[in-house]
Each structure stands twice: as structure tokens, then as C-alpha cells.
1. Keeping to pairs on different chains or 8 or more places apart, tell me how many lysine pairs in the chain have Cα atoms under 19 Å apart.
2. Pairwise over distinct Cα atoms, reciprocal of the mean inverse distance: report the Kirkwood radius of segment 308-380 in Å, one decimal place.
3. Name the trypsin sites (Lys or Arg not before Pro) in segment 262-337 that are in a loop by DSSP and that have at most 10 other C-beta atoms within 10 Å, would you?
4. Could you work out how far helix 224-235 tilts from the main Cα principal axis of the chain, as a 0 to 90 degree angle to the nearest 10?
5. Taking the chain as a Gaussian network, Cα atoms linked when under 10 Å apart, which of Phe203, Phe43, Phe12 shows the biggest mean-square fluctuation?
6. If you count only protein heavy atoms and use a 1.4 Å probe, how large is the accessible surface of Leu393, to the nearest 10 Å²?
7. Using just the helices of the chain, give the 222 nm mean residue ellipticity in deg cm²/dmol: DSSP H runs with n ≥ 4 each add -39,500 (n - 2.57), and the total is spread over all residues, rounded to 500.
8. Just add up the charged neighbours of Ser10: K/R +1, D/E -1, any other residue whose Cβ is under 13 Å from the Cβ of Ser10.
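The values are calculated or read from the model by the stated rules, or taken from the named source; none is laboratory data. The shown structure was predicted, so the numbers you read here are calculated from the model rather than taken from an experiment. Here the Cβ positions follow ideal geometry from the backbone for every residue, glycine too, while neighbour counts run over all protein chains shown. In case anyone asks, the SASA skips ligands and DNA or RNA and just uses the protein heavy atoms, side chains included. Shrake-Rupley method; radii C 1.70, N 1.55, O 1.52, S 1.80 Å.
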Amino acid sequence: MQIVTTHVNSDFDALASMVAASFLYPGGTRMVPSQVQPAVREFLTVHWDLLQLKPRRAIDPAAVDRLIVTDTGSWERLDDLRMLAERADLETIVWDHHMAPGSIRAGELHREEVGATVTLLLERIQEMDRAFAPMHATLFLLGIYDDTGGLTYPSTTARDARMTAYLLENGADLNVVAAYLDSALDERHLELFNRMLSDSEQFEIEGVHLGLCVQDADKGLNNLARVVSKFQEIKGLDVAFGIFPITANKTVVVGRGNPRLFDVGALVRQLGGGGHPGAGSAVLKAPAEEARARVRSLIAQAEPESERVSDLMSPVRLALAPQDSLRVAAGRLRDSHRSVLLVLDDQGGVLGALGEEQLAKVRDDAGWEHPVSALMRRDLEVVTPERTTREALRLMTRADVGVLPVMEDGRVVGEITRAAIMLSLYDL
């Protein structure tokens, strides 16, 4: 068994380099440590299935014969894999940008002084002309930006900048990158941000969650767009507008949002400003309340891009029965490359779902003979075909499950997976 992994308390460079390494060493299992940083955990909540990841608890170290490690060269920083250090038959490969020697005596070592480990792997991927999706490009760019401070840290090299351009050419989404990475805000920004959090209007249009707030801002305060982005992120909004009066009759409007759900640029252009679908701004010669009323009216007239569950759902071609053994269930998950399957009764009714998280609770050989009903999740949400995919994704995220049954007139008409929604969001 070949696994690709990284250090505990993983940041975006750790995750990105781990995924990138799997493009160079096909067939490996991407093993995520049990501890990752909060922003990375948030990212994994919706990207887990698409990235085809496995949790540490699902891996048996005794079965590993090849280990690829990224962003560290020390056994002590890996997630409970120290027992492998004594294995003479274990093939080890390390990719790292930290120049201090580690405790892993790798048979193949790639260590160079660049801003991010993923830069090293991307150079090899580019050299070998390996293809990857825009989703992967976005994650790789998150890795570079996280470890180089958006190419501003002194450790940044020209190689990191070249790989940044390479990723942008291959579809990396800067809107996603901005949503997951923090930028420095001074005390004035933070004071404004706190006021926005405590006093804002929030509403929903066809499953799209929007926020609108009016707050005074210093005339010379720049980086208002970043404050609005943080407001959108912390409030969990799809779209956010900040309205900032500069003088009694001059107001700045800044919008940020998910371009696949709402065209922010189109709205601010109607205010005389400019932008693109995910971001825009305008300066109005009007008092703040008039600006707020105009923005609110334009939002009401807009038609959010609301893809429906019916557009992405698929027939339930593979399911589990409650009497199937856990061994059978594990085989079906493995063969279908799925992380979770629905459990249906003889009449096709939904009883629950079972996935890798439940199977990880099996401790011995006898446990694999227990029925699916012993471990399946029973508290499963359902959706109808007319619900938006955004609502479905929100339900999956809240329940931490990768599939939902689609019900109509009391019967199961299909299923929708987190992977299908994310592939649609990334336009794959």
C-alpha cells in the first residue's frame, strides 16, 4: 500500500503539496492527519470527496510499503506513524522546503529552499506535463499564498511567482483563495469589521444567503474590500455588500460573492461602478440610506444563479441493504470509489447511510461480519428535486455527510452527492 501524507496541524501548503505529490506518484492513498488548521478544515468540509482523501484512522500502518511525505522530514510531525521508522523494507520519499534535516532517512529526498513545498512539486508536474483540474490549481495556489503571504514574505522566490502564474493559467480561482486566507487588518479595519458583524441585514433569495450593512468608514481607509470579504466569510454568506458613507452625499458600495450564485459585477455596474461576477465596487453621489435603498432594490430585481437538485441528481445505482455485512459494504465503497452509500430497505425506502467514518469503528475481524444496520447513520436529511444545490450542500456540510437522498411524493427518485455539487461549482 502506498500512502501520501503530511504533517499534523496541516496548513494549506501541507495539504496542497500532499495532493500534488499524488500526481507524481499515482495510485497512492491521500491520508489526511487528524489535526488540521481551522481554515483547512473548512476547506476540506466541502472538498473531501473531490480530493479523494482518507482520514488517518482509516489507514493501517502495517499495510504501508511506500510512504511519500510532504512539507516535513520528521517522523515526530506525522500522525502516529512513528512505528514505520523501524521498517527496513519501507520505501520513503520526502518533499520539503524546510532546510533543517529531519529524522526521516528518506531513500529519495527532495529538499530545496523555496517559499512553499508545493512549488517544488508543481515544477515537476509542469515538466512532466501532468494535467490537473481548476479545483486542484486553486488548492495549489492556496498552498503557495499561505506559505508566502501572497508572495510578500522574504522567503518568497521567483520560482514561487512562476508557479503562481502557471496556476492562474490553469484555472486557479482567486475568489476562492481570498475566501480562505487572511490578510492583515489594522485596528481601524478591525473596529469597522466588528461593527459590521453586530449590525447588518441578512436575507435569502432562492437559497442564496445575502448580507447588507451600512457603516461609517474613515475617508482615507483603504482595503474596504477585504473587510467585506471577511464579513462575508465569518457570517457564512454567499453574497455581501458593504455601504460606506464617506461624506454626507458620497457613498462607497463594495460587493463580494460567489460568482456562480450571484453576479456582483452586474449589480454594481448599474450603480455606475465596475467589477466582475465575484467582486465589484461603485462610488455614488448620494447619502448612505439612498445608496442602501438602491442596492436593496437591485438585489430584489436580480435573479440569482440557482442550480436545482434536479439538475445534478442521479439515479441510486448502488446502495446497501441493512442486512449486508460491513465487509460487503467496505468492498462496495472501495470498488465504487465512493466515501458513503445510502442504505435502502426492500421497498427502496431510505433507512440511512454508511461510509468510511462508520467503518473506521470496526476493531476486529468479527466486527466486519456485523450488519450494516449496526453502524449506519439514521439521522439523514433528505431533499426534494426543486431545492437548490446550495441548500443541499449546506445540509451536507451541517450533517458532515457526502450524499443525500432525493425524495418526491414520498419515494426516492435519486441521490445527490457532494462531489457532484462541487464539480458543478468548479465547472468541471
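1. On the way: Lys54/Lys361; Lys219/Lys250; Lys219/Lys285; Lys250/Lys285.
Taking the chain as the scope, the lysine pair count is 4.
2. Working: mean 1/r = 0.0792 Å⁻¹.
About 12.6 Å for segment 308-380.
3. On the way: sites: Arg269, Lys285, Arg292, Arg294, Arg296, Arg308, Arg317, Arg327, Arg332, Arg334; in loops: Lys285, Arg317.
Of the trypsin sites (Lys or Arg not before Pro), the ones in loops of segment 262-337 whose Cβ has at most 10 other Cβ atoms within 10 Å are Arg317.
4. The helix 224-235 is inclined about 50 degrees to the chain.
5. Phe203
6. The accessible area comes out at roughly 10 Å².
7. Details: 15 runs with 155 residues, N = 428.
Here the helix-only value at 222 nm equals -10500 deg cm²/dmol.
8. Working: positive: Arg30, Arg41, Arg56, Arg77; negative: Asp11, Asp13, Glu42, Asp71, Asp79, Asp146, Asp147.
Net of charged neighbours comes to -3.
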